[in-house]
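In what follows, a structure is listed as structure tokens, so that the remarks can point back to it.
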Amino acid sequence: MFVFMTFATWNLLFTGMVSSILLLNMVQWGIYRERIYGLYTLYMLAWLVYFGFRVDGMGDYLSANAWYFVRAAAPMCAYFVYFDFADALIQLRSRLPALFRLFRLTKGLIVAYVLFMGLICFDVIPWNESLYNTVHTAMRLFMVGLASYGVWKIAGLRGVMPRYIALGSGFILVGGIVSMTLTSLAPAGNSFWQAPLTYFMLSILAELICFTLGLGYRQRRGAIKSAIVEQKLAREREKHHREQVEAELVTEKLQQQMSAVQMMALQAQLNPHFLFNSLNSLSSLIADEPQKAERFVDEMSSVYRYLLRTNDLELTTLQTELAFIDSYYHLLKTRYGAGINLIKAVDESLLNYKIPPLTLQLLLENAVKHNVVSAEQPLSIQLLTHPDGWLEVSNSLLRKPVNRVNSTQKGLLNILSKYQLLGQAAPKVVETGTLFSVTLPLIK
């Protein structure tokens, strides 16, 4: 079939195939809106213009000088666009900076070449066919040398995309050399296989197929990367949601723990034994010391008011907690008299620091609960702040008989749990033969 085909018929077939690839690329350009598809479109248009004017009959629409100009300028316009296309596809600017600089210089040379050919072809410089052919041949030989070097450098890069570019560019390089050689050896025939341009056109088709496959691979790889990124984002969103849920659970647990601690404090103060002792102390004061009885009622009211007011608070200031402890200690002092002593050595600069409410009350309650309290063996409790922002609560140690007090350490465990849920440093618990201390971090 091809043996009997004329070059004119083949040229029309070639133009149709390139036009089909061009239309497909323009559809992709419209979908993806990427610069690289625009460059590829311009590249194919340059070749269509060049070979379109090679169709029989097109010479009737152009003067001889215009035809010579298209013959010289159209391929150079294609190469001009090719440099930007290759850079956009495989990042020559960063991967082969020396080749990229050489391509930029060649683009300047192409502009100068096209301008010079325009001056010759349109008689600005007197027409000289020998000069035209010499400059045209020299430029084509230079482009062959540049293409050979470029294909060699690009083929050395790793990756699929450089291979597509190198293979496609290698096809057009070989086709160009074959076409130039046949042109110089024998005049062109009218049949398909006798025309030197046939081999150049075949190489361009092979190049366009490679470039199109490369763009398709690039698009698939981009889709895979987008899918991977989307999966990572989905995992990040899931992780963020999980952390948010965990934070909400921690907050809920903290509230439950605080409610439990507050309930323990209320139960400790509202149990019948405490009420009996408090009312018994109040009864004896009313008869003998009415003014002290009035003070006792005021302090007892302050204690219960504070217990109720802090029911929904996560933190309170050290100053507020100490004021509450004064009222609570007054009730203990009224009951135990000389059997209990409270010593406070608190730095005023730390009074605005925060502490979980009722923490000090629980520590004082534990000290009274687990130790002997009597005038002969007074229980000494000390509140002492450290320069590094810690508060130490210590008491002298004289434990009650084990069979009388069964310690569950719930109060101390709840204090430790509360600090953990607040994300603070853990309190330090130290016990020696004569002293028991809990050191609490104050919260700014």
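The values are calculated or read from the model by the stated rules, or taken from the named source; none is laboratory data. Since this is a predicted model, take the numbers as computed values, not measurements. Here Cβ is always computed from backbone atoms with ideal geometry, including for glycine, and neighbour counts include all displayed protein chains.
Among the residues of the stretch 76-96, are any out of contact with any strand residue (DSSP E or B) (no Cβ under 7 Å at 6 or more places or on another chain), surrounded by fewer than 14 Cβ atoms within 10 Å (Cβ to Cβ) and either at pLDDT 90 or above or part of a helix (DSSP H, G or I) (or both)? Step through it out loud before you land on a result.
Step one: filter the stretch 76-96 for residues out of contact with any strand residue (DSSP E or B) (no Cβ under 7 Å at 6 or more places or on another chain), giving 76-96.
Applying the additional criterion that residues be surrounded by fewer than 14 Cβ atoms within 10 Å (Cβ to Cβ) yields 94.
Those left that are additionally either at pLDDT 90 or above or part of a helix (DSSP H, G or I) (or both): 94.
Yes, that holds for at least one residue.
Show the residue pairs meeting these rules: Cβ distance below 7 Å; 6+ apart or different chains; first residue within the stretch 424-444 and of a type in the set (D, E, K, R); second residue modelled with pLDDT of 90 or more.
Going by the 7 Å Cβ cut-off, the qualifying pairs are Lys428/Thr439; Lys444/Tyr353.
State which residue is nearest to Met76 (Cα to Cα) when the search covers only the stretch 105-129 and only residues that are in a loop (DSSP other than H, G, I, E, B) and in contact (Cβ under 8 Å) with a residue 24 or more places away in the chain. It would help to see each step written out before you state the result.
First, the residues of the stretch 105-129 that are in a loop (DSSP other than H, G, I, E, B): 122-128.
Restricting the remaining residues to those that are in contact (Cβ under 8 Å) with a residue 24 or more places away in the chain gives 122-123, 127.
Working: Phe122: 18, Asp123: 21, Trp127: 21 Å.
Across the stretch 105-129, the extreme among qualifying residues is Phe122.
Which number in (1) more than 30 Å from Gln256 (Cβ to Cβ); (2) touching a strand residue (DSSP E or B) at 6+ places or on another chain (Cβ under 8 Å) marks the one condition that His370 misses?
Condition (1) is where His370 drops out.
Please work out which one of (1) without any contact (Cβ under 8 Å) to a residue 24 or more places away in the chain; (2) surrounded by fewer than 16 Cβ atoms within 10 Å (Cβ to Cβ) is the condition Val70 fails and give its number.
(2)
Which of the following residues is buried (at least 19 other Cβ atoms within 10 Å of the Cβ), in contact (Cβ under 8 Å) with a residue 40 or more places away in the chain and in a helix (DSSP H, G or I): Leu213, Leu167? Write out each step before concluding.
Working: Leu213 fails: buried (at least 19 other Cβ atoms within 10 Å of the Cβ).
When all the criteria are applied, what remains is Leu167.
Filter the stretch 117-154 for residues that are over 24 Å from Phe83 (Cβ atoms) and small (Gly, Ala, Ser) and give the result.
Ser130
Test each condition in (1) under 48 Å from the mean Cα position of the chain (by Cα); (2) over 17 Å from Arg218 (Cβ atoms); (3) without any contact (Cβ under 8 Å) to a residue 12 or more places away in the chain for Leu13 and report the one that comes out false.
(1)
Filter the stretch 305-364 down to the residues that are farther than 30 Å from Ala375 by Cβ, of a type in the set (A, V, I, L, M) and outside any helix (DSSP H, G or I), then identify the one that is modelled with the lowest pLDDT.
Step one: filter the stretch 305-364 for residues farther than 30 Å from Ala375 by Cβ, giving 305, 308-320, 347-357.
Subsequent filtering for residues that are of a type in the set (A, V, I, L, M) retains 308, 313, 315, 318, 350-351, 355.
Those still in the list that are outside any helix (DSSP H, G or I) too: 313, 315, 351, 355.
Working: Leu313: 73, Leu315: 85, Leu351: 89, Ile355: 90.
This residue is Leu313.
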